[in-house]
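Asks: Okay, handing you the structure first.
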Amino acid sequence: MPRDRDASSAVGHPAPQPALHRVITLRHAVALYVSSLLGSGIFVIPGLAAQIAGPASIVSWILLSLASYPFAYTFAKLSARRPESGGIYAFAREGIGAGASAATAWLFLAWAAIGAPAATLAAASYLVYVYPLSREDIFLVAAGILLAAFVVNYLGIRFSGRVQIATVVAILAALAVAVVASAPRTSPANYSPFLPNGLASIGTAAALIVWSYLGYENTSNVAEEFQDPKRDFHRSVVISVVLVSVLYVGVAVVTVGTAAYRVGGGATPFAAMVSDAFGAYAGAVVALLAVFVTFGTVNAYSAGMARVYFAAARDGVFPRSLARIDPKTGAPRHALNFLIVMVLASLGAFYLLRVDFVSAFLMASGAAILTYVIGSVAGIRLLKERGARRALPWISLIVSAGLLPFIGPLLAVSLLIAAAGLAVMWALSRRVQRIDAGG
């Protein structure tokens, strides 16, 4: 691993690389994982997907739930064999090479810079269901959620873990109440016709639904901070995958069965279901909960993404100043500063260009799926599994590659960002070589 030229002691020995604190337990890992998956998308995506494919959108949810285990297993095994901050970035560096890892780091940047504003805008838009907010108000609320999540991460991963536990409790309570209360209000007539828009609509819905399944890699980004990664990491993944899959399919079934997706353009199915069950005031509670849940999601992703940039900075892919750690909290504060600047800049671009959050979700999904392709290839090359489990990284790769066409032309955004990042890295490395040759 590259070392900074100035990082040496007086006797000529290299100084130790900065290390993150090992503080994450199984309980915190499950909370981090579930909140990474059960984010703001669960409040919006079920209704939008049902508008695209009708009752057949349930098939898309089931298929992606089945694909969860290959993804989760691949990244869990990679992380357990060598816990290191950076997740897929570190796997790509070891299994494929420096170019793949550098592309991954820049794809993560695209993912976070586009996805975080999209998620917060979706949550802020949810408030319109109850409160009369202007477009400017929605963007201010989104910026406030982003800033609050980054402040929490400044306090270190231990505090973030406690916040994630509170977030997961709120998410699970909201989902359980909505599903149980709405189940008696479902009608068989709402499931017919089952495939109103043709077979292709299942794939189109899946392209949107995939946003709700992004997060398998997030706890791998903080694997270096597990107290006992070999024991706890895979256990946390299995628990989270089963829990999330059951909840997602349950929400999809009641969203269709109650026809809640036909209200408000399909963007507020939770508010429609809860209001129908408990009255109009319950909609206000759901709106506020959407903001809180989105805060938890952004909190989780800012923790994971900042550590990708931390790892990339240690390798010289990003500026080495991003590899500095706060001595008190153990948080990579410089990487967090870099991330919040990029995210707020992206939010400003959304405002000026009037980007709708559905398109933003698809752009972010494109970057995420490309990183899954790279991570799956790394898993194929690095994991030495036996029996049927040898096929899991291959299944992960096939599913990832199969999802890419559904992103459509918006995939070009992620490809351009990755290409630009590689070009910048190549230019910087050439400059360093010329300096070395001249001096």
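Asks: If Gly279 satisfies all but one of (1) touching a Leu at 6+ places or on another chain (Cβ under 9 Å); (2) on the phi > 0 side of the Ramachandran plot, what's the number of the condition it fails?
Replies: Evaluating Gly279 over (1) touching a Leu at 6+ places or on another chain (Cβ under 9 Å); (2) on the phi > 0 side of the Ramachandran plot leaves (1) as the failure.
Asks: Tally time: how many residues in region 381-412 are in contact (Cβ under 8 Å) with a residue 24 or more places away in the chain and more than 28 Å from Leu199 (Cβ to Cβ)?
Replies: 6
Asks: Moving on. What number of residues in region 95-119 are more than 14 Å from Ala368 (Cβ to Cβ) and either touching a strand residue (DSSP E or B) at 6+ places or on another chain (Cβ under 6 Å) or not small (Gly, Ala, Ser) (or both)?
Replies: 2
Asks: Would you be able to tell me the number of residues in region 142-160 that are buried (at least 21 other Cβ atoms within 10 Å of the Cβ) and either modelled with pLDDT under 70 or more than 18 Å from the chain's Cα centre (by Cα) (or both)?
Replies: So the answer is 2.
Asks: Right, here's the next one. For region 110-129, indicate whether the set of residues that are assigned to a helix (DSSP H, G or I), crowded, with 24+ Cβ neighbours inside 10 Å, out of contact with any Phe, Trp or Tyr (no Cβ under 7 Å at 6 or more places or on another chain) and aromatic (Phe, Trp, Tyr) is non-empty.
Replies: There is at least one residue in region 110-129 that is assigned to a helix (DSSP H, G or I), crowded, with 24+ Cβ neighbours inside 10 Å, out of contact with any Phe, Trp or Tyr (no Cβ under 7 Å at 6 or more places or on another chain) and aromatic (Phe, Trp, Tyr).
Asks: Could you list all residues from region 314-362 that are among the small types (Gly, Ala, Ser) and either on the phi > 0 side of the Ramachandran plot or surrounded by fewer than 19 Cβ atoms within 10 Å (Cβ to Cβ) (or both)?
Replies: Passing the criteria: Gly316, Ser321, Gly330, Ala345, Gly348, Ala349, Ser359.
Asks: For region 303-322, which residues satisfy the criterion of being closer than 16 Å to Arg93 by Cα and either in contact with a Cys (Cβ under 8 Å, 6 or more places away or on another chain) or not β-branched (Val, Ile, Thr) (or both)?
Replies: Listed by number, the residues that qualify are Arg307, Tyr309, Phe310, Ala311, Ala312, Ala313, Arg314, Asp315, Gly316, Phe318.
Asks: Out of all the residues in region 134-155, which are over 20 Å from Tyr301 (Cα atoms) and β-branched (Val, Ile, Thr)?
Replies: Within region 134-155, just Ile138 meets the criteria.
Asks: Which residue pairs have Cβ atoms under 7 Å apart, sit 6 or more places apart or on different chains, and have a first residue in region 182-201 that is in contact (Cβ under 8 Å) with a residue 60 or more places away in the chain and surrounded by 16 or more Cβ atoms within 10 Å (Cβ to Cβ) and a second that is aliphatic (A, V, I, L, M) and part of a loop (DSSP other than H, G, I, E, B)?
Replies: Cβ pairs passing all conditions: Asn190/Ala259.
Asks: Return the only residue of Ser79, Ser40, Ser57 being crowded, with 21+ Cβ neighbours inside 10 Å, at pLDDT 90 or above and hydroxyl-bearing (Ser, Thr, Tyr).
Replies: Ser57
Asks: Would you kindly identify the helices (runs of 4 or more DSSP H) lying entirely within region 243-361 that contain at least 1 residues that are over 17 Å from Ala174 (Cβ atoms), at pLDDT below 80 and in contact with a Lys or Arg (Cβ under 8 Å, 6 or more places away or on another chain)?
Replies: Helices (runs of 4 or more DSSP H) meeting the threshold: 281-314, 333-353.
Asks: If you go through region 282-299 one residue at a time, how many are in contact with a Leu (Cβ under 8 Å, 6 or more places away or on another chain) and under 21 Å from Thr258 (Cβ atoms)?
Replies: Total meeting the criteria: 3.
The values are calculated or read from the model by the stated rules, or taken from the named source; none is laboratory data. Since this is a predicted model, take the numbers as computed values, not measurements. Because the Cβ atoms are built from the backbone with ideal geometry, glycine has one as well, and the counts that use them run over all protein chains shown.
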